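Comments concern the structure below.
The values are calculated or read from the model by the stated rules, or taken from the named source; none is laboratory data. Predicted, not measured: the structure shown is a model, and the values here were computed from it. Glycine gets a Cβ as well: all are built from the backbone with ideal geometry, and neighbour counts include every protein chain shown.
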Number of protein chains: 2
Amino acid sequence: MIYYFDNAATTKVDDEITKLIDKYNGEKYFNPSSLTAFSLSVAKDIQSARESVAGVFGCKADEIYFTSGGTESDNTAILGSLSKHTGNIVTTETEHSAVYKTVNYLKNKGYEIRFAAVNSDGSVNAESLINNVDENTLLVAVMHVNNETGAINNIGELVKKVKSKNPKTLFFSDGTQAAGKIKVNLANSGVDAYAFSGHKFHAPKGIGGLYIKSNAKISQLHFGGGQEKGFRSGTENVSAIIAMSQALKTASDLIKENSEKFAEYKTILLKAFDTLGDYKIICCDGSPAIMSVAFENIKSQVLSNILEQDGIIIGLGSACSSKNKQNRIMTAAGLERKYIEGVVRISFSKYNTTEETEFLAKKMTEHIKMLRDLQ
Amino acid sequence: MIYYFDNAATTKVDDEITKLIDKYNGEKYFNPSSLTAFSLSVAKDIQSARESVAGVFGCKADEIYFTSGGTESDNTAILGSLSKHTGNIVTTETEHSAVYKTVNYLKNKGYEIRFAAVNSDGSVNAESLINNVDENTLLVAVMHVNNETGAINNIGELVKKVKSKNPKTLFFSDGTQAAGKIKVNLANSGVDAYAFSGHKFHAPKGIGGLYIKSNAKISQLHFGGGQEKGFRSGTENVSAIIAMSQALKTASDLIKENSEKFAEYKTILLKAFDTLGDYKIICCDGSPAIMSVAFENIKSQVLSNILEQDGIIIGLGSACSSKNKQNRIMTAAGLERKYIEGVVRISFSKYNTTEETEFLAKKMTEHIKMLRDLQ
């Protein structure tokens, strides 16, 4: 029995999605670029998937491009947006590595990288962000939902402020932790580009997407057979595209129901943590699916190891950076030293139950008490 | 009933491979970058997959990087190899679009692109290739097996000649149509980089790999979480990696058996075509899995449409370029005008049978006769 509370790292693929994947791998396996009726039918299915994704995000189908995942989408949006060779990019130190490492690469290429201040939950300080934007700002990159804390940035508001200061600045948002978790309306937000990744909402790994607003100028990174209207060459990952589209629709339909369930789970956990004391909520009112807390003088890695003996899996921040020694995001967010090694990310999916959460609360409380008693 | 003879475009995923995919999507779905035992087990499975791929290709495991497919591998090898801002690249006009379009992009960036002459089967003229290499040649890109004709380039020989003229030149080969079809030994070949793609040998679409020789210098195109030793960031496409590794092993073990079967199929077809006359073999003695022929005054698109009524699917060259009006590869290979619209690519997989091939031979003969009678 596994109690899986690390759904921000990755998720189980739904059984119905698995059936879809099997169908497109084993029956409708035809190359969508061929001209037979079999292939054209597959190409049509891809187009329907694109329309479904656009429907969920409130944008046009031809603004959605399928990619190999969030990292490729982030890289494409950032690297593809720089038509000029000089200028500045405004972002934060709490972005996902796929953004943070990419802008650092651009720093070496001669672009000026400006990091706006962030709040204690890892969200961006809006005033600082706007203050950093000027006539030479080519790109603003601010994630929608922080992957380590769950904090939500109000992208619509930020886009408005950035554009009123410099209408030419391109606004990109990494929506990897938002898609399928909170309501996203891309046309309303005014954002120029937006990245998402299938495996965060019960679709398989290796598939993602990039929204590019009709009039936004972003260049391709790959060259080849001209798939995705020439923007993303390479034989389409058909089964994963269909899977992601269906999984996104399902997740989107469940947002309200899940949000209510997850709020209940958070209450169960906070009630248990209150009996312990000496802990700090880093973010609990952001994404419904994520809560991040830190326990004073507790090493979250040790806690995680002990919980694993009970079959419980929790997160310690981003899976992608779990092998790094320092917590960049919590450091940027100014977390006190006594908490910095004790940060725990608990992230829910529709598969989690009240009983599982009660078990998690019980075991966390037990083990933290025990660890503290040992000190 | 479908008679599928377009296996160079893409292949059906094996049922046993499908089971593996389902297992990693539905059970072992953990993020390999996390630090739990569950995740570490997945990371270990990826490493075993890498070792298996290296075993098939006769190279070291740490020389294999997993990517999203052949196009990404081609792009990475070419774009990542150019440490200098000036110089020339030697290649051919019969390369796959993922190479051809990428070098054309580099032409616009100021690199000199030199196209070596090709033979009538689309293979490179070795003498012309070597004559084009000089002290400013940064990269040579020559595919292992031509995707439209099946012609094989002797990569080992070409590498030797290129390196003896300029040891600093990096030699990249797109092995997309070779992997799992003919014996490939990368260490022996001396090639610096080599691309392959899973969906050509019964693994799913959206997964591929890039071999980079230990001392070859190729830079990453993506930045992020540092997966694949920092070379290819992005959550690993676990199920597809495991699937590709297993499918490659299976395909590799079947090379001898398949080659014998396919030779028989080619004989059946050629015998039938001989009764028709007025046709030309473009390539039949290259890849066991591909034969390309052209029928005088027959439009292959029309022939393909008619065959489809019988449930038969054949290829018209690369699926990736099937929507283009002109056949770049056949034009470069100097095919006579009367044949240029009549090129047919028949490509086999282990699922094709003698009976199927006899049916194909019968139907092709019938329809070509009929089309010629109508003229």
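Descriptive notes on the structure:
- Among the candidates B:Ala37, B:Ala49, B:Ala54, the residue that is over 20 Å from A:Gly198 (Cα atoms) and at the interface with chain A (Cβ under 10 Å from one of its Cβ atoms) is uniquely B:Ala37.
- Residue check, B:Gly225 within 14 Å of chain A (Cβ to nearest Cβ) and more than 19 Å from the chain's Cα centre (by Cα): yes
- Of all the residues in segment A:1-16, those that are part of a loop (DSSP other than H, G, I, E, B) and either within 9 Å of chain B (Cβ to nearest Cβ) or in contact with a strand residue (DSSP E or B) (Cβ under 7 Å, 6 or more places away or on another chain) (or both) number 9.
- As for segment A:232-240, it holds no residue that is within 14 Å of chain B (Cβ to nearest Cβ), under 19 Å from A:Glu51 (Cα atoms) and assigned to a strand (DSSP E or B).
- Residue satisfying condition, being closer than 26 Å to A:Lys28 by Cβ and touching a helix residue (DSSP H, G or I) at 6+ places or on another chain (Cβ under 7 Å), within set A:Ala54, A:Ala117, A:Ala43: A:Ala54
- Test result for A:Ser33, part of a helix (DSSP H, G or I) and among the hydroxyl-bearing types (Ser, Thr, Tyr): no
- Residue that is at pLDDT 95 or above, out of contact with any helix residue (DSSP H, G or I) (no Cβ under 9 Å at 6 or more places or on another chain) and assigned to a loop (DSSP other than H, G, I, E, B), where the choices are A:Lys168, A:Lys205, A:Lys183: A:Lys168
- Pick from segment A:113-125, criterion away from chain B (no Cβ under 14 Å) and β-branched (Val, Ile, Thr), ranking: surrounded by the fewest Cβ atoms within 10 Å (Cβ to Cβ): A:Val118
- The residues in segment A:204-222 that are more than 9 Å from every other protein chain (Cβ to nearest Cβ) and either at positive phi or of a type in the set (Gly, Ala, Ser) (or both) can be counted, and the count is 4.
- For segment A:250-265, the condition of being over 25 Å from the mean Cα position of the chain (by Cα), in contact (Cβ under 8 Å) with a residue 60 or more places away in the chain and either surrounded by fewer than 21 Cβ atoms within 10 Å (Cβ to Cβ) or within 14 Å of chain B (Cβ to nearest Cβ) (or both) holds for none of the residues.
- Boolean, A:Lys19 is assigned to a loop (DSSP other than H, G, I, E, B), modelled with pLDDT of 95 or more and within 11 Å of chain B (Cβ to nearest Cβ): no
- Tally, over segment B:161-203, of residues that are within 14 Å of another protein chain (Cβ to nearest Cβ), under 19 Å from B:Asp253 (Cβ atoms) and among the aliphatic types (A, V, I, L, M): 1
- Filtering B:Asn352, B:Asn297, B:Asn305 for residues that are in a loop (DSSP other than H, G, I, E, B), out of contact with any Leu (no Cβ under 6 Å at 6 or more places or on another chain) and surrounded by fewer than 18 Cβ atoms within 10 Å (Cβ to Cβ) leaves a single hit, B:Asn297.
- Qualifying residue in segment B:58-69 (condition: of a type in the set (S, T, N, Q) and within 17 Å of B:Leu170 (Cα to Cα)): no
- Hey, A:Lys299 in contact (Cβ under 8 Å) with a residue 24 or more places away in the chain and of a type in the set (Lys, Arg) or not: yes
- Here segment B:135-156 is the region considered, the condition is being touching a residue at least 60 places away in the same chain (Cβ under 8 Å) and small (Gly, Ala, Ser), and the residue that is surrounded by the fewest Cβ atoms within 10 Å (Cβ to Cβ) is B:Ala141.
- Matching residues, segment A:69-112, being crowded, with 24+ Cβ neighbours inside 10 Å, polar (S, T, N, Q) and touching an Asp or Glu at 6+ places or on another chain (Cβ under 7 Å): A:Thr102
- Residues located in segment A:113-142, provided they are within 18 Å of A:Asn327 (Cβ to Cβ) and in contact with an Asp or Glu (Cβ under 7 Å, 6 or more places away or on another chain): A:Phe115, A:Val118, A:Gly122
- Here B:Lys323 passes the criteria (1) at pLDDT below 95; (2) in contact with a helix residue (DSSP H, G or I) (Cβ under 9 Å, 6 or more places away or on another chain); (3) within 11 Å of chain A (Cβ to nearest Cβ) except the one numbered (2).
- Matching option when the condition is touching a strand residue (DSSP E or B) at 6+ places or on another chain (Cβ under 9 Å), at pLDDT 95 or above and within 14 Å of chain A (Cβ to nearest Cβ), among B:Ser304, B:Ser300: B:Ser304
- Among the residues making up segment A:52-76, those that are closer than 18 Å to A:Ala203 by Cα and among the hydroxyl-bearing types (Ser, Thr, Tyr) are A:Ser52, A:Tyr65, A:Thr67, A:Ser68, A:Thr71, A:Ser73.
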